[in-house]
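Right, one structure below, let's go through it.
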Amino acid sequence: MSSLRTSLCVMLAMGTCGSVFVGAATIVSDQFVYPAGPISGQNGGHGWGSAYTGNGQINAGSLPYLDPVGELYSTAGNRVSTITDGNGMFRSIDLANQPPNLLDPTGRLGADGTRVYIGFLVRLDSGIVTAFGDYGGISLFDATSEQLFFGDLGFQGTHIFWGVDPQEGSAAVRDSSTQVSAVIRLLVGRIDFNLGSETVRFYVDPPLHEEPATPTVGPFTMHDFRFTRIRIQSGGNGRYSFDELKVATTYSEAVPEPCTATLVSGAFLLLSLKRASRSRRHAAGNRRVEALKR
């Protein structure tokens, strides 16, 4: 019995299933393994060139997520939440230690011929999302200039769905058909950097094991751009939580493999524990019966 318990604990402890693994294709990642409190000054994660600045709150507990077919995205650490209207969190990327092929001649990410994915978990915690200015999401910035936004768009009341804003005016925003709500969502953006216009694809709740052949939104083209830092921000009445932020050059790094095998193993061990317990009770009952017969 004790050995079964030990095995179960080991299996569950191994249940990170790659969500904490940082491969060669990872540009930056953060699971927000910080103590509860302000995020400003925190400097963990991978691939960053500075600590966080701005206003945000680390809250205890990660965002649990099951994909549409019931596969588990194993999360770790805590989550970060927006707390102010339009005063978000910024963090610069460590450009000096990125693979040279990802950088353009000026040393910024987005060299022509490269591909970048950004993936994160998000949830609307409070507020409404039907008024102009109610938005929340993650942006790619080139220095002080916002280039591309993924999340709750925050335009006029009809834009109440998770989507993409290429920063080209309200007519250029792209909505999905998934309404913003308190349901935890996995959002993934893909950018193919080309000579000239970039090509963008956007996925809402894609499968964990492979990139879908058809995106939720797109593909569509947008202006040529580069990026050097990330912003997490909300505005208006909406407040949001974010988790498992990853920017990578492959889908499998931005969206780690699910934990199906671990769950099956854990379920098998739990079943074994229950069977062992029933067997002991049955044996004890038989011993009592034999004692009464004597």
The stretch 182-218 to the stretch 89-133: how many Å between their Cα centroids? 13
Neighbour-count order for Tyr65, Tyr52, fewest beta carbons within 10 angstrom listed first: Tyr65, Tyr52
At 20 °C and 1.002 mPa s, what whole-number value in µm²/s does Stokes-Einstein give for the translational diffusion of the stretch 26-98, with Rh from the Kirkwood sum over Cα pairs? 160
Is the stretch 20-257 best put as rounded, prolate or oblate by its Cα gyration tensor, with a ≥ b ≥ c the root eigenvalues, rounded for a/c under 1.5, and otherwise prolate when a/b is larger than b/c, oblate when not? rounded
With a point put 7 Å past each Cα toward its Cβ, work out how far Ile128 is from Thr144 in nm, to one decimal. 3.5
Test of understanding: ordering Ile184, Ile230 by Cβ neighbours within 10 Å, fewest first, what list do you get? Ile184, Ile230
Using Cβ counts within 10 Å as a stand-in for footprinting exposure, how do Asp134, Asp152 rank, fewest first? Asp134, Asp152
Per the C-alpha gyration tensor (a ≥ b ≥ c, the square roots of its eigenvalues), the stretch 56-131 is rounded if a/c is under 1.5, else prolate if a/b beats b/c, else oblate; here it's prolate
Run the dipole for the stretch 20-257 about the Cα centre, Lys and Arg Cβ at +1, Asp and Glu Cβ at -1, nothing else charged, and hand back the magnitude in debye, nearest 20. 380
Shape of the stretch 166-226, Cα gyration tensor, a/c cut at 1.5: oblate
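Each value in this text was obtained by applying a stated rule to the coordinates, not by laboratory testing. Everything numeric in this text was worked out from a predicted model, so none of it was measured. Here the Cβ is made from the backbone with ideal geometry for all residues, glycine too, and neighbour counts use every protein chain on show.
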